[in-house]
Amino acid sequence: MGFVVWIITGAVIGWVAGKLMKREGGFLRNILVGIVGSSLGGFLAGLVHIRGVGIGSFLISVAGACLLLWLAKKLFG
């Protein structure tokens, strides 16, 4: 059951980041962006000793996903 929640959460985070960055994507892309972006956001937040709990964790994940989309746009056009 945890895997399903992980996939759904990744999809939601990817979708929110896509809307904020004005980038459209399909369900699979949203899942990938959400999961990888969450990992990136968590890693970077850990570097500066920020720990998110609840909505803070969600915001860190969305920020990481937005950063990932921004980097992808800069690198790949």
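The values are calculated or read from the model by the stated rules, or taken from the named source; none is laboratory data. Given the structure is predicted, the values throughout are model-derived calculations rather than measurements. Cβ coordinates were reconstructed from backbone atoms using ideal geometry, including for glycine residues, and neighbour counts include every protein chain displayed.
Would you call LEU68 modelled with pLDDT of 95 or more and surrounded by fewer than 21 Cβ atoms within 10 Å (Cβ to Cβ)?
Details: modelled with pLDDT of 95 or more: yes; surrounded by fewer than 21 Cβ atoms within 10 Å (Cβ to Cβ): no.
Against the criterion (modelled with pLDDT of 95 or more and surrounded by fewer than 21 Cβ atoms within 10 Å (Cβ to Cβ)), LEU68 does not qualify.
Filter region 54-65 down to residues that are loosely packed, with under 11 Cβ neighbours inside 10 Å and either in contact with a Lys or Arg (Cβ under 9 Å, 6 or more places away or on another chain) or within 15 Å of MET21 (Cα to Cα) (or both), then give me how many there are. Let's see the steps before the verdict.
We begin by selecting, within region 54-65, every residue loosely packed, with under 11 Cβ neighbours inside 10 Å; these are 54-55.
Within this subset, residues satisfying the condition of being either in contact with a Lys or Arg (Cβ under 9 Å, 6 or more places away or on another chain) or within 15 Å of MET21 (Cα to Cα) (or both) are none.
The total comes to 0.
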Matching residues in region 42-64 - criterion: being in a loop (DSSP other than H, G, I, E, B) and among the β-branched types (Val, Ile, Thr):
VAL48, ILE50, VAL53
Identify all residues within region 15-53 that are closer than 16 Å to VAL4 by Cα and surrounded by fewer than 13 Cβ atoms within 10 Å (Cβ to Cβ); write none if there are none.
PHE27, LEU28
Out of region 1-14, which residues are buried (at least 16 other Cβ atoms within 10 Å of the Cβ) and small (Gly, Ala, Ser)?
GLY10, ALA11, GLY14
